[in-house]
Amino acid sequence: KQEVTQIPAALSVPEGENLVLNCSFTDSAIYNLQWFRQDPGKGLTSLLLIQSSQREQTSGRLNASLDKSSGRSTLYIAASQPGDSATYLCAVISGNTPLVFGKGTRLSVIA
Amino acid sequence: EAGVAQSPRYKIIEKRQSVAFWCNPISGHATLYWYQQILGQGPKLLIQFQNNGVVDDSQLPKDRFSAERLKGVDSTLKIQPAKLEDSAVYLCASSLAGSSGEQFFGPGTRLTVL
């Protein structure tokens with residue numbers, strides 16, 4: 001059974017810092033990994049999708065990497081801004097199972 | 001391009017009452033998902049449709065939850081009767097290319113059961 005863990009559960013940083021969010025999964029036979037952002041009381045916004053054959057994806061100040069063999073992904077946020085404050089969720093698809101989510105990392109960027 | 005639409009946004013009911021949620025996916029997306037997100041947790045899949053057929057409903061509490069997607073477009077999720085532990089956000093998502101495709105989520109319906 002696939003399990004997804006995100007560390008840390010919460011993170012508070014001053015504006016301008018570069019930061020890394022971590023995601024690990026137990027079954028390395030994945031189809032893809034997706035990073036989402038969730039603002040309080042809102043739905044999920046897709047940030048980046050990494051296919052199993054890819055090592056990383058970039059979008060603006062965001063960079064996500066994937067290491068299937070070690071069951072890990074990282075989301076790198078450069079030059080953080082207060083508007084980046086949200087919960088970041090990692091989810092994987094593997095085998096016949098649908099998206100399995102971690103519990104998320106709650107990020108606060110302090111101006 | 002319009003996103004995934006859901007209604008209502010909020011619903012408050014008493015336990016043992018019934019409730020229904022509606023979802024309209026992104027146009028052309030054949031796959032539709034319903035998730036339950038309890039406060040502080042990641043979303044958990046309840047049911048997945050491919051067009052109007054059920055692909056996975058293994059985590060749907062079938063004694064009280066039901067869902068349908070009759071014409072392969074809109075979908076409804078129903079809870080009857082509701083329990084206190086059903087209080088959660090119900091998220092609908094859709095994707096173009098089945099389970100391996102990128103999923104796009106609606107704003108969710110926040111259900112409170114008193």
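Straight Cα distances below 12 angstrom link B:Lys78 to the aspartates and glutamates B:Asp63, B:Glu68, B:Asp86, with same-chain residues fewer than 8 positions distant left out. Just the number, please: Stokes-Einstein D of chain A in µm²/s, Kirkwood Rh from C-alpha pairs, 25 °C, 0.890 mPa s. Calculated translational D: 176 µm²/s. At the listed q of 0.16 Å⁻¹, the Debye profile of the protein assembly as shown, built from one uniform point per Cα, gives log10 I(q)/I(0) equal to -1.11.
Among the trypsin sites (Lys or Arg not before Pro) in region A:23-111, those located in a DSSP loop and surrounded by at most 16 other Cβ atoms within 10 Å of their own Cβ are A:Lys42, A:Arg55, A:Arg61, A:Lys103. Dividing the C-alpha radius of gyration of region B:29-91 by 2.2 N^0.38 Å, with N its residue count, gives 1.10.
How large is the dipole of the protein assembly as shown about the Cα centre if only Lys and Arg carry +1 and Asp and Glu carry -1, each at its Cβ, rounded to the nearest 20 debye? The partial results should precede the final answer.
Working: 21 positive and 18 negative charges, 105 e Å.
I would put it at about 500 debye.
Taking the Cα centre of region B:36-114 as origin, work out the dipole magnitude from +1 charges on Lys and Arg Cβ and -1 charges on Asp and Glu Cβ, in debye rounded to 20.
Details: 8 positive and 8 negative charges, 32 e Å.
Its charge dipole is roughly 160 debye.
Shielding value for B:26-37 is 1, the average number of Cβ atoms from other chains within 10 Å of each residue's Cβ.
Ranking B:Pro81, B:Gly106, B:Leu96 by Cα position along the charge dipole of region B:69-114, where only Lys, Arg, Asp and Glu carry charges on their C-beta atoms, puts B:Pro81 farthest toward the positive end. Here, P(r) means the percent of Cα pairs in each 5 Å bin from 0 to the largest distance; for chain B it is 2, 13, 24, 26, 19, 10, 4, 1. Cross-link check: pairs A:Lys42/B:Lys83; A:Lys1/A:Lys103; A:Lys1/B:Lys83 evaluated at a Cα-Cα cut-off of 18 Å; pairs beyond the cut-off: A:Lys42/B:Lys83; A:Lys1/B:Lys83.
Which net charge results for the neighbourhood of B:Gly40, defined as the other residues with beta-carbon distances under 12 angstrom from its beta-carbon, given Lys and Arg at +1 and Asp and Glu at -1?
Values: positive: A:Lys103, A:Arg106; negative: none.
Around B:Gly40, the surrounding residues sum to +2.
Only Cα pairs under 8 Å and 6+ residues apart enter the sum, and on that basis the relative contact order of chain A stands at 37 percent.
Using a Förster radius of 45 Å, what is the FRET efficiency between B:Leu84 and A:Ala78 based on their Cβ-Cβ separation? Nearest 0.05, please. Numbers along the way, then the final one.
On the way: r = 43 Å, r/R0 = 0.96.
Efficiency at R0 = 45 Å is approximately 0.55.
A simple charge model with +1 on the Cβ of Lys and Arg, -1 on the Cβ of Asp and Glu and nothing else charged puts the dipole of region B:54-93 at about 120 debye relative to its Cα centre.
Bear in mind that the values in this text are calculations on the coordinates, not laboratory data. Here the structure is a predicted model, which means the values were calculated and not measured. All Cβ positions, glycine included, derive from the backbone under ideal geometry; neighbour counts span all protein chains shown.
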